[in-house]
1. Between A171 and F331, what is 0.36 nm times their sequence separation minus the Cα-Cα distance? Round to one decimal in nm.
2. So for the chain: antiparallel DSSP bridges make up what percent, rounded to the nearest 5?
3. Quick check on the exposure proxy: order H265, H422, H301 from fewest to most C-beta atoms within 10 angstrom.
4. Using only helices, what value at 222 nm comes out for the chain when you add -39,500 (n - 2.57) per DSSP H run of length 4 or more and divide by the total residues, to the nearest 500 deg cm²/dmol?
5. What is the sum of charges around G319, taking Lys and Arg as +1, Asp and Glu as -1, for the other residues whose C-beta is under 12 Å from the C-beta of G319?
6. What is the Cα centroid distance between segment 29-107 and segment 292-344, reported in whole angstrom?
7. Which of these, A277, A357, A136, has the largest mean-square fluctuation under a Gaussian network model of the chain (Cα springs below 10 Å)?
8. Against the longest principal axis of the chain, how steep is helix 228-237, in degrees 0 to 90 to the nearest 10, with axes from Cα atoms?
Amino acid sequence: MTIIRATVLDTPGTLGDPDGLRSGEDVALVVRNGTILARTDVPSARAAYPQEEVLDLRDGVLLPGFVDTHVHYPQVRVIGGLGMTLLDWLRECALPEEARLADQGYARGVARDFLGGLLGSGTTTALVFGSHFAGAMDALFAEAVTTGQRITSGMVLSDRILRGELLQSPAAALEASEALARRWHGRGRLRYAVTPRFSLSTTEEMLEVCAELLTEDRWFTSHLNENPAEVAEVARLFPTSIDYLDTYARHGLATERSVFAHNVHPTDRELDVLAGAGCAVAHCPSSNSALGSGLFPLRRHLDAGVRVALGSDVGAGTGFCLLKEGLQAYFVQQLLGGEGAPLATADLLHLATRSGALALGMGQDVGDLSPGRQFDAVWVRPRPDGTLAMTMRHATDPTDALAKIFALGSPADIAGVWVGGHEAFRARPTTAGVTTPQEAP
Ligand SMILES: [Zn+2]
């Protein structure tokens, strides 16, 4: 058991609540076996548990672990491919790199880069778009067992249009996915997600395989309405479907356990179907800007009752950190003017934490720092001589301090990350300018 002493900011309520930010200065979180047992003041915690060690994190701010609802494992090494729209970027940048994961040794290195990148950016839970290769999925899941993150992922399925080495037959896809799900689903913090790349690259037969794979406890994710050229091509390939969402929904793939990435260009009918089925949408603002995909209609989603969370969409997205995605989401709604949904500072934290937990059906376990939740947390402690630290010292209240973290914060400001009470990441102290006694002249 540990008593964590910190300034704690979280958003346990609903998105859009004007009083949604809960803040406490010098809060004591009593953590036992990874679970928050109590949230109280320090004297009470010390009195109740006089023998327990105290971890003092008061220098900085403690936030819940971030939840990324859309991020591509095989694309970590191609972050930063600017100057293209979606279909060109896939062909020239993403898919050649994804093909390299056929080599399991290469995939193991990518898995380490990927999960390490997520952790160092404060992401403790993620719905991960996987690889087209079963061996690469084994590499990801095995590495995730080591790092301890909460990962939901699955092999990516495609049987047309993409480069040949990324395609499988529906029968082979069924067999390999079933074997992966049996091996990894429910092991530790891992879950399996049925993952057709997008209906553009999947035939009806492959989508039927997805329906067969989507048993009651598994998850589903894919892409939806990202870019106008993609939407038009899907309409051409599925002449009998009502719209893009219908290509999935008519196979039973729009469920409470379905998360669709992007949805920048939805019809009103699609929003109604998503809301009615209880699906969630992963909003990926920096990717949408980088690829010129469009300005996400958040207000229409919320008005229709569709659940929305954040995704970094690495590698089209420009980094793992959900602080940046929160800020980008804010920018996009500002740019939409009267059609935008103005986001308050508390909403940015909600989108990066609790909204994601709810979208992934994990609201009972993670997303805020209430008693009963897992201790998944991010310790933001900026460099004392940097601009973020300076502005935080001058913050007028906790909301203002949080706004400064979203405006200026980056992975460089993250000092530690915990998953299930275990310290999974600690920033390395710099050794620059330090001389050890042995080295001293
Ligand atoms: Zn994506």
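Here, each number is a calculation from the coordinates, and none is a lab measurement. The model shown is predicted, which means the values in this text are computed figures rather than measured ones. Heads up, the Cβs are rebuilt from the backbone with ideal geometry, glycines too, and the neighbour counts pull from every protein chain shown.
1. Numbers: separation 160, 0.36 × 160 = 57.60 nm, distance 4.45 nm.
Difference between extended and current length: 53.2 nm.
2. Numbers: 27 of 61 bridges.
Antiparallel: roughly 45 percent of the beta bridges in the chain.
3. Values: H265 18, H422 12, H301 21.
Least crowded to most crowded, the residues run H422, H265, H301.
4. Details: 17 runs with 157 residues, N = 441.
Theoretical 222 nm ellipticity from helices: -10000 deg cm²/dmol.
5. Numbers: positive: K324; negative: D68, D313, E325.
My count for the surroundings of G319 gives -2.
6. Segment 29-107 and segment 292-344 have Cα centres separated by 19 Å.
7. Ranking A277, A357, A136 by mean-square fluctuation puts A277 first.
8. 40
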